[in-house]
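The values are calculated or read from the model by the stated rules, or taken from the named source; none is laboratory data. The structure displayed is predicted, hence computed values, not measured ones. Glycine also receives a Cβ, built like all others from the backbone with ideal geometry; neighbour counts cover every protein chain displayed.
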Amino acid sequence: MDIGLGLLTAQQRPDDDRSTAAIYEELLRLGEAADDAGLDSVWTSEHHFADDGYLSGTIPTLGALAGRTDDIEVGSAVALAPFYDSVRLAEDSATIAALSDDRLTLGLSIAYWVREFENFGIPKAERVERTEDAIAVLRNAWEPGPLEYDSEYHAIDPETEVTPTPDEAPPIVLGGLAKPAVRRAARLADGWCANEMLSLADVRTRMDDIERVRDEEEIDGEFTTYLIRYGFVGDSKADAWETMRDGYFYQQRKYADWMEDESVDALSDERKAELKEDAIFGTPEQVREELADYREELGDDVHVIFRSYCPGIGTDELLESVERLGTEVAPEL
């Protein structure tokens, strides 16, 4: 089992008076800390036009993380494919791959928030087709020679050569929960990213479906399941929960806003109890034990993205949790 840190979102709660530069420096320090602690990966997220400054520039942030780290995988979980110029995305991703010695993993999704589609002028009804077209552009652009693909959403001449050509094409990971999304990942991607909304049983069912699709369609190559879970490492279970709780609830309330496309003033007590039950937190030993259950259920090949970064937790507290995750939890798994 591999363990990474996520999701770096750069959100700023109303009670946080730091500068934007300080918020982004915190992201880079966390990436460095994850690398120093021996974790396997560090991940950004992406949204646009959010009133709390949610990270919109995931590609430049991944480039900055690559420059501040040495060994760790840097990835997006996820970049919103319909809103990108796919040729520029191919160029920028190949550049990060070159600068990082092939440490980039490009996670993509079809997006969902109505505001983003409206403000980018992209019909939401085209989100699947645009994402699949972007993947085809990326795959072809990363091969030597002409593109040799006639994109439906980009006017580039198929005889054009897109550069730089990466030494190794970055793995593409697709997010999504519904059966069509999971099967799209099985057919088109090198991995699937399961977010925190799915139970272990749900993840296992989808992993079995992915294996079945790839067997039936005779698709070869490595395929990785990435599993996002909120969590925090502290001195005790009570201490870890107290530290992560407010930022965790704040972030989940914002997601509820966007999913419903209307303001959600507060999470219900029932929802808060569900969120607490779903999170993995406590001492290093307690976190290890719970992650060991995940490994037993899902197998050794799963890559857990341990979502400790929530707005307002505090840099020192985050850095300590990351260090303990890397030195006291991950080596035992």
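Among the residues of the stretch 150-167, are any of a type outside the set (Phe, Trp, Tyr) and within 22 Å of the chain's Cα centre (by Cα)? Checked the stretch 150-167: at least one residue is of a type outside the set (Phe, Trp, Tyr) and within 22 Å of the chain's Cα centre (by Cα). Evaluate the following for Pro171: is it more than 30 Å from Arg295 (Cα to Cα) and surrounded by 12 or more Cβ atoms within 10 Å (Cβ to Cβ)? Against the criterion (more than 30 Å from Arg295 (Cα to Cα) and surrounded by 12 or more Cβ atoms within 10 Å (Cβ to Cβ)), Pro171 does not qualify.
Checking each residue in the stretch 14-47 for being buried (at least 17 other Cβ atoms within 10 Å of the Cβ), assigned to a loop (DSSP other than H, G, I, E, B) and in contact (Cβ under 8 Å) with a residue 60 or more places away in the chain picks out Ala37, Leu39, Asp40, His47. Among residues of the stretch 147-176 that are modelled with pLDDT of 95 or more, those with a beta-carbon under 6 Å from a residue that is assigned to a loop (DSSP other than H, G, I, E, B) and among the small types (Gly, Ala, Ser) at least six positions away or on a different chain give the pairs Ile172/Ala189; Val173/Ala189; Leu174/Ala189. In the set (1) farther than 22 Å from Val114 by Cβ; (2) buried (at least 24 other Cβ atoms within 10 Å of the Cβ); (3) hydrophobic (A, V, I, L, M, F, W, C), the condition left unmet by Ala81 is number (1).
Do we have Asp36 as among the charged types (D, E, K, R), over 15 Å from the mean Cα position of the chain (by Cα) and modelled with pLDDT under 95 here? I'd like the intermediate steps shown before the answer.
Numbers: among the charged types (D, E, K, R): yes; over 15 Å from the mean Cα position of the chain (by Cα): yes; modelled with pLDDT under 95: no.
Against the criterion (among the charged types (D, E, K, R), over 15 Å from the mean Cα position of the chain (by Cα) and modelled with pLDDT under 95), Asp36 does not qualify.
All conditions but one from (1) assigned to a helix (DSSP H, G or I); (2) of a type in the set (D, E, K, R); (3) over 22 Å from Gly247 (Cα atoms) apply to Glu323; the one that does not is (3). Pairing each residue of the stretch 87-98 that is over 22 Å from Asp71 (Cβ atoms) and at pLDDT below 95 with any residue that is of a type outside the set (Phe, Trp, Tyr) and surrounded by 20 or more Cβ atoms within 10 Å (Cβ to Cβ), provided the two are 6+ apart or on different chains, yields no C-beta distance under 7 Å.
Of everything in the stretch 217-249 that's among the charged types (D, E, K, R) and in contact with a helix residue (DSSP H, G or I) (Cβ under 7 Å, 6 or more places away or on another chain), which residue is nearest to Leu291 (Cα to Cα)? By that ranking, first place goes to Lys237. Taking the listed residues Glu290, Glu332, the one that is modelled with pLDDT under 95, within 15 Å of Ile3 (Cα to Cα) and not polar (S, T, N, Q) is Glu332, with no other qualifying. In the stretch 316-333, of all residues being within 22 Å of the chain's Cα centre (by Cα) and either of a type in the set (D, E, K, R) or loosely packed, with under 15 Cβ neighbours inside 10 Å (or both), the one that is farthest from Lys237 (Cα to Cα) corresponds to Glu323. Every listed requirement among (1) over 26 Å from Thr20 (Cβ atoms); (2) surrounded by 23 or more Cβ atoms within 10 Å (Cβ to Cβ); (3) out of contact with any helix residue (DSSP H, G or I) (no Cβ under 8 Å at 6 or more places or on another chain) is met by Asp102 save one, (2). Cβ-Cβ contacts under 6 Å between residues 6 or more apart (or on different chains), taken from a first residue in the stretch 111-122 that is at negative phi to a second residue that is assigned to a loop (DSSP other than H, G, I, E, B) and surrounded by fewer than 14 Cβ atoms within 10 Å (Cβ to Cβ), are listed as Val114/Asp261; Arg115/Phe49; Asn119/Phe49. Starting from residues that are surrounded by fewer than 19 Cβ atoms within 10 Å (Cβ to Cβ) and not β-branched (Val, Ile, Thr), keep the ones in the stretch 105-118 and report whichever is nearest to Leu39 (Cα to Cα). Within the stretch 105-118, the match that is nearest to Leu39 (Cα to Cα) is Tyr112. Of all residues assigned to the stretch 217-224, none qualifies as being among the charged types (D, E, K, R), over 15 Å from Val302 (Cα atoms) and assigned to a helix (DSSP H, G or I).
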